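Notes follow once the structure below has been shown.
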Amino acid sequence: VPEFRLHCFADSGAAYKAALMLELCAARWEPVFVDYFNGATRTPEFRALNEMGEAPVLEHGDRRLSQSGVILDYLSSALSRFGAASADERREILRWMFWDNHKLTSYTATARYLLKVQDTDAADPGALAFLSRRARAALAILDTHLAARTWVASDKPTIADLSCAGYLFYDGELPYDLPADAPNVARWRDRIAALPGWKHPYDLMPGHPSRGPR
Ligand SMILES: N[C@@H](CCC(=O)N[C@@H](CS)C(=O)NCC(=O)O)C(=O)O
């Protein structure tokens with residue numbers, strides 16, 4: 001019997017952060033498909049599950065959590081993995097997770113949405129250029145940070161690494177070329193992919209392929 005249920009879909013890097021955590025911890029979990037591309041997150045049923053209208057949502061016993069950062073924090077306690085060794089370290093982890101949610105993931109995910117999902121001819125080129133520029137600037141911050149370190153917030157992998165990496169495995173769909181634009185990030189991403197149990201988002205969550213190439 002699965003212990004955790006994760007509402008997710010293959011194209012959601014935000015959901016991947018939580019799905020990867022569950023998989024790396026060998027938790028008993030099952031995905032619940034969110035049919036995002038057919039409007040599932042806008043239905044009253046989904047809004048009753050999460051008034052923010054976003055995947056992922058984690059169900060564990062009577063608990064229902066949204067926001068990947070909160071889910072990761074919860075799972076690091078519940079599963080005793082990828083968490084902090086001290087209060088200072090927990091703050092350092094949270095610092096990078098807030099930064100990721102605001103700067104790296106938000107711009108990367110939104111630019112990818114325009115690149116991959118929206119008909120590029122209909123997309124506002126100014127919007128795509130702006131989002132791509134912001135995403136690349138955030139990526140450069142992470143690349144500099146990782147120049148002299150192995151992991152984002154600790155000397156071992158933590159939920160901060162899983163958060164920052166959420167969208168970075170969607171090769172060919174991103175507003176940058178990872179190995180060329182951010183070699184330190186590319187090497188760190190390889191270290192994450194080498195963690196026992198690692199899976200690509202398309203192999204871990206339901207719904208791929210969602211929409212064919214444009
Ligand atoms: N900060 C949130 C972001 C979640 C998010 O943006 N989810 C997207 C899918 S990747 C979503 O469900 N959007 C709903 C919509 O646009 O209707 C998190 O990390 O959980």
Task: Residues that are within 20 Å of Arg134 (Cβ to Cβ) and in contact with a Gly (Cβ under 9 Å, 6 or more places away or on another chain), drawn from segment 170-204 - done: Tyr170
Task: Lone unmet requirement of (1) within 21 Å of Pro179 (Cα to Cα); (2) more than 19 Å from the chain's Cα centre (by Cα); (3) of a type in the set (A, V, I, L, M) for Ala123 - done: (1)
Open item on the list: Checking the condition surrounded by fewer than 18 Cβ atoms within 10 Å (Cβ to Cβ), without any contact (Cβ under 8 Å) to a residue 60 or more places away in the chain and under 25 Å from Pro209 (Cβ atoms), which residue from Arg63, Arg42, Arg28 passes?
Closed with: Arg42
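Under the condition of being acidic (Asp, Glu), within 16 Å of Thr108 (Cβ to Cβ) and part of a helix (DSSP H, G or I), which residue from segment 158-190 is farthest from the chain's Cα centre (by Cα)?
At the first step, the residues of segment 158-190 found to be acidic (Asp, Glu) are 161, 171, 173, 177, 181, 190.
Next, from what is left, pick out any that are within 16 Å of Thr108 (Cβ to Cβ): 161, 171, 173, 177, 181.
Now drop any that are not part of a helix (DSSP H, G or I), which leaves 161, 181.
Values: Asp161: 10, Asp181: 20 Å.
Once the filter is applied, the top-ranked residue is Asp181.
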Task: Pairs, first touching a residue at least 40 places away in the same chain (Cβ under 8 Å) in segment 169-189, second surrounded by 17 or more Cβ atoms within 10 Å (Cβ to Cβ) and among the small types (Gly, Ala, Ser), C-beta under 6 Å, six or more apart - done: Pro175/Ala111; Pro175/Ser132; Pro175/Ala135
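Every number in this text was worked out from the coordinates using simple rules, so none of it is lab data. Bear in mind the structure is a predicted one, so any value in this text is a computation, not a measurement. Counting neighbours? That spans all protein chains shown, and the Cβs are built from the backbone with ideal geometry, glycine included.
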